[in-house]
1. Within the range 43-63, is even one residue without any contact (Cβ under 8 Å) to a residue 24 or more places away in the chain, of a type in the set (Lys, Arg) and surrounded by fewer than 17 Cβ atoms within 10 Å (Cβ to Cβ)?
2. Out of (1) of a type outside the set (Asp, Glu); (2) under 14 Å from the mean Cα position of the chain (by Cα); (3) assigned to a loop (DSSP other than H, G, I, E, B); (4) crowded, with 19+ Cβ neighbours inside 10 Å, what's the single condition that is false for HIS156?
3. So which residues in the range 97-145 are within 20 Å of PRO77 (Cβ to Cβ), surrounded by 17 or more Cβ atoms within 10 Å (Cβ to Cβ) and within 15 Å of the chain's Cα centre (by Cα)?
4. Hey, THR189 hits all of (1) without any contact (Cβ under 8 Å) to a residue 40 or more places away in the chain; (2) surrounded by fewer than 19 Cβ atoms within 10 Å (Cβ to Cβ) but one; which does it fall short on?
5. Please specify each residue of the range 172-203 satisfying the condition of being over 20 Å from ASN26 (Cα atoms) and assigned to a loop (DSSP other than H, G, I, E, B).
6. Are any residues in the range 67-80 of a type in the set (Gly, Ala, Ser) and touching a Ser or Thr at 6+ places or on another chain (Cβ under 6 Å), and if so, which ones?
7. Could you please give the count of residues in the range 79-96 that are assigned to a strand (DSSP E or B), under 24 Å from ASP167 (Cβ atoms) and open to solvent by 20 Å² or more (accessible area, probe 1.4 Å)?
Amino acid sequence: MLRIHRTSSWFCVLAICLCLPRLLANTGSIQGQVPLPETDEAAIPVEKYRGKISGQVATAPPLVAAVWLEAPHLSAPAKPPVVTLPQTNYQFVRSLIVIPTGTTVLFPNNDSDYHNIYSLSRPKRFDLGRYKKSENPAPTVLFDKAGFLDLHCEIHDHMRARIRVVDSPYFGTTDAKGQFTLTNIPPGTYTLHAQLDRKTTWKQTIVVQKKATTRITFPKS
């Protein structure tokens with residue numbers, strides 16, 4: 001019976017491998033542009049952190065926007081990934097991440113001094129307390145409700161990051177120029193969302209067609 005079970009498993013794997021290219025070949029994609037604001041890099045007043053910073057402060061990561069699809073039949077994956085959002089050189093390494101509902105995020109500290117990551121946003125209010133990079137495993141937070149969150153460091157108030165939690169398997173971020181691509185989307189009608197911060201959002205109904213790329217440019221808000 002063991003041999004039969006193994007053979008059946010191999011047939012299932014083979015069937016998936018053979019069918020997957022056909023399934024992907026019948027999907028479509030979306031390419032678009034989100035109008036990101038122009039930003040001027042302001043100098044960080046490091047002197048006010050005297051005794052709290054023992055290394056170099058990096059330039060803040062570039063602004064990006066979240067993009068994702070919604071539809072009545074869509075929901076977050078049953079087994080969402082574990083995502084890492086480190087703090088390095090006294091900055092979050094990314095200005096924004098998009099995650100599906102149910103994702104656990106690790107917040108490792110790669111600096112020699114303490115950080116204290118917290119959020120007062122309604123979807124998930126938390127305070128990780130002060131911790132150094134020697135803490136292992138890194139503190140984690142489970143994000144179990146869709147919404148938009150602002151992250152802060154209680155010690156270094158120039159540190160900022162954002163998390164967009166979505167009930168969808170189709171999501172991503174723009175690049176620093178506001179351009180994005182979503183791929184392998186089944187044909188159908190969706191609502192395409194984009195979000196930069198708590199107040200700046202866009203949405204539009206969009207139709208994805210088989211073996212085609214739908215293009216969209218969001219207007220300036």
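1. Within the range 43-63, one or more residues are without any contact (Cβ under 8 Å) to a residue 24 or more places away in the chain, of a type in the set (Lys, Arg) and surrounded by fewer than 17 Cβ atoms within 10 Å (Cβ to Cβ).
2. With respect to (1) of a type outside the set (Asp, Glu); (2) under 14 Å from the mean Cα position of the chain (by Cα); (3) assigned to a loop (DSSP other than H, G, I, E, B); (4) crowded, with 19+ Cβ neighbours inside 10 Å, HIS156 is out only on (2).
3. Of everything in the range 97-145, those that are within 20 Å of PRO77 (Cβ to Cβ), surrounded by 17 or more Cβ atoms within 10 Å (Cβ to Cβ) and within 15 Å of the chain's Cα centre (by Cα) turn out to be ILE97, VAL98, ILE99, PRO100, THR101, GLY102, THR103, VAL105, VAL141, PHE143.
4. Tallying (1) without any contact (Cβ under 8 Å) to a residue 40 or more places away in the chain; (2) surrounded by fewer than 19 Cβ atoms within 10 Å (Cβ to Cβ), THR189 fails exactly one: (1).
5. Within the range 172-203, THR174, ASP175, ALA176, LYS177, GLY178, LEU196, ASP197, ARG198, LYS199, THR200 meet the criteria.
6. So the first thing to find is which residues in the range 67-80 are of a type in the set (Gly, Ala, Ser), and the list is 71, 75-76, 78.
ALA76 - this is the single residue of the range 67-80 that is of a type in the set (Gly, Ala, Ser) and touching a Ser or Thr at 6+ places or on another chain (Cβ under 6 Å).
7. Within the range 79-96, residues that are assigned to a strand (DSSP E or B), under 24 Å from ASP167 (Cβ atoms) and open to solvent by 20 Å² or more (accessible area, probe 1.4 Å) number 3.
The values are calculated or read from the model by the stated rules, or taken from the named source; none is laboratory data. Everything numeric here is computed off the predicted structure, so don't read it as measured data. Cβ: placed from backbone, ideal geometry, glycine included. Neighbour counts: every protein chain shown. Calculation scope for accessible area: heavy atoms of the full protein, side chains included, ligands and nucleic acids excluded. Shrake-Rupley method; radii C 1.70, N 1.55, O 1.52, S 1.80 Å.
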